[in-house]
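The values are calculated or read from the model by the stated rules, or taken from the named source; none is laboratory data. All values derive from a computational prediction rather than experimental measurement. For neighbour counting, all protein chains shown are included, and Cβ atoms are generated from backbone atoms with ideal geometry for every residue, glycine included.
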Amino acid sequence: MNDFIAQCRAAIGAQHVLTDAADMAGYLTDWRRRFTGRAQAVLRPGSTEEVAKLLRLCSQFKVPVVPQGGNTGLVLGSVPDQRGDAVVLSLTRMNRVRAIDTVNNTIMVEAGCILQQVQEAAAEADRLFPLSLAAEGSCTIGGNLGTNAGGTGVLRYGNMRELCLGLEVVTPQGEIWDGTRGLRKDNTGYDLRDLYIGAEGTLGVITAATLKLFPRPRAQLTALAATDSPESALRLLELAQRGCGSALTAFELMSDFCLRLVARHFPDMRMPLAQTHAQYVLLELSDSESEEHANAMLESVIGSALEQEIIADAVVASSLAQSRALWNLREHIPLAQAEEGKNIKHDISVPISRIADFIRTTDVLLQQQFAGARMVTFGHLGDGNLHYNVSPPENMDPDAFIVRQEEINRVVHDSVHRFGGSISAEHGVGALKRDEIRLYKSEIELQLMRHIKQALDPAGIMNPGKVL
């Protein structure tokens, strides 16, 4: 392998081929710091051509490749396993915004661009790139595409698959496919773009993308509403969609326990309502007409919901700071749960109409088998995606609880399957859920996926051990 490393150094420069354990450490441990893999090197190319050179070498020497962006994933998809024969291919040096077209409403960026960087570049051009999620200050566009990221704006704008018009990809054999044309209509064969989006680096390396931009809204309004149940939250969703149409950008559900965790671990954060309630909804409008128009829509929805007793109370942010404070409550839930201690995370989706039944049924099943387990239920109610997390009972040894993760996963995932849902909505499969999907996908689905993998990566060097 010394010859392989020597050729990698010649291809991209010795300073960008990391082999020292201390230099590689940050690339080998997952975001939650629960797993550390091994690799013979971390490769940091600076261009698409350099990626192609490295993949040709990896193909020649049969070296497994683990593509990596910001390494913010939660399913062990961006770190190598323990074998130590792989290389990590870090795209973080490839962070240029290549072009912005305000007439076509597109932005072309390299895969290593931080999501927040793309949002800011769009704003400077008086446009909006709407993908927004908690890790936006550190996750990269390549990782967002590889996992088909969702976030809080899917209700209006869709996930990354909907936000991407074209890709540049390097194949496992080191060939470059330039499909970055910013076309909204192109029926000239199979949609190769959609094969790579959501493939988690198992079919090739995404090096650049052409993404959709949108006009910046003239007004954005945020409100927090309190209700007594997920059923009432769904009634509010129906009312808001009817009253606001496409202006309804976000609709997030948070249980009372979620906000109590935030208050416990972040006491400086003020709870906006005087009384506690079983459930809370954070909703946001993005209006292209005017702030007055947005206010009228929101006041009408909130007023109707109060009159119909769908909600018990509500607060509407009157400033950008107040809006940010409401969103901070939502975004601090994962942080508060981490401060609380070890927990078992589930990133699931079910049809929106069945979410309330799913929560009620699955809560009961878990309490029957794991009495005292504390449910941290929050997420994107508007698109059917919940972070249905389970914390151990008070005073229980967290390690003793985590040992039962497989049993808890089985209860949750079996219930998701019964309700016609998916065990991974936006985090991906990675290595963590690779074996799980075999229980819930049909054999024909798995067979077709294997055929695609074999056709595009016959040597099996791309992110081995992930997804399939």
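General observations
- Of the residues making up segment 389-405, those that are exposed (fewer than 15 other Cβ atoms within 10 Å of the Cβ), within 20 Å of LEU335 (Cα to Cα) and touching a residue at least 40 places away in the same chain (Cβ under 8 Å) are PRO398, ASP399.
- Looking only at residues in segment 183-225 that are β-branched (Val, Ile, Thr) and surrounded by 14 or more Cβ atoms within 10 Å (Cβ to Cβ), the one that is nearest to LEU76 (Cα to Cα) is THR202.
- When LEU74, LEU133 are screened for being assigned by TED's automatic domain parsing to the domain that holds CYS164, modelled with pLDDT under 95 and under 22 Å from the mean Cα position of the chain (by Cα), only LEU133 passes.
- From the list VAL412, VAL429, VAL467, the one residue that fits, being among the β-branched types (Val, Ile, Thr), touching a His at 6+ places or on another chain (Cβ under 9 Å) and crowded, with 16+ Cβ neighbours inside 10 Å, is VAL412.
- Residue, nearest to THR106 (Cα to Cα), within segment 185-199, restricted to residues that are assigned to a loop (DSSP other than H, G, I, E, B) and touching a residue at least 40 places away in the same chain (Cβ under 8 Å): ILE197
- Filtering segment 172-189 to residues that are under 25 Å from the mean Cα position of the chain (by Cα) and either at positive phi or small (Gly, Ala, Ser) (or both) leaves GLY179, GLY182.
- Residues that are of a type in the set (A, V, I, L, M) and outside any loop (DSSP other than H, G, I, E, B) were ranked within segment 125-149; the one that is surrounded by the most Cβ atoms within 10 Å (Cβ to Cβ) is ILE141.
- Filter result (free of Cβ contacts under 8 Å to residues at least 24 places away in the same chain and either closer than 17 Å to ALA99 by Cβ or β-branched (Val, Ile, Thr) (or both)) within segment 122-149: GLU124
Conditions tested, residue by residue: (1) closer than 25 Å to GLY46 by Cα; (2) of a type in the set (Val, Ile, Thr); (3) touching a Phe, Trp or Tyr at 6+ places or on another chain (Cβ under 9 Å).
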{"residue": "ILE107", "(1), (2), (3)": "yes, yes, yes"}
{"residue": "ALA111", "(1), (2), (3)": "yes, no, no"}
{"residue": "ALA123", "(1), (2), (3)": "no, no, yes"}
{"residue": "THR140", "(1), (2), (3)": "yes, yes, no"}
{"residue": "ASN148", "(1), (2), (3)": "yes, no, no"}
{"residue": "ASN159", "(1), (2), (3)": "no, no, no"}
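- Single residue of MET297, MET269 found to be outside the structural domain of GLY153 (by TED's automatic domain parsing) and touching a His at 6+ places or on another chain (Cβ under 7 Å): MET269
- Hey, ALA99 out of contact with any Pro (no Cβ under 6 Å at 6 or more places or on another chain), small (Gly, Ala, Ser) and surrounded by 24 or more Cβ atoms within 10 Å (Cβ to Cβ) or not: no
- Among the conditions (1) outside any loop (DSSP other than H, G, I, E, B); (2) surrounded by 15 or more Cβ atoms within 10 Å (Cβ to Cβ); (3) not small (Gly, Ala, Ser), PRO272 misses just one, which is (1).
- Filter result for THR152 (closer than 22 Å to GLU50 by Cβ, surrounded by 22 or more Cβ atoms within 10 Å (Cβ to Cβ) and under 21 Å from the mean Cα position of the chain (by Cα)): no
- Within segment 207-234, considering residues that are in a helix (DSSP H, G or I) and in contact with a helix residue (DSSP H, G or I) (Cβ under 8 Å, 6 or more places away or on another chain), the one farthest from LEU89 (Cα to Cα): GLU231
- Segment 285-330, residues that are among the acidic types (Asp, Glu) and surrounded by fewer than 19 Cβ atoms within 10 Å (Cβ to Cβ): GLU289, GLU291, GLU292, GLU299, GLU307, GLU309, ASP313
- Of THR202, THR152, all but one fail to be in contact with a Lys or Arg (Cβ under 6 Å, 6 or more places away or on another chain) and either part of a loop (DSSP other than H, G, I, E, B) or touching a residue at least 60 places away in the same chain (Cβ under 8 Å) (or both); the exception is THR202.
- Those strands (runs of 3 or more DSSP E) of segment 296-402 in which at least 2 residues are modelled with pLDDT of 95 or more and closer than 23 Å to GLY421 by Cα, considering only elements entirely within it, cover 347-349, 374-380, 385-391.
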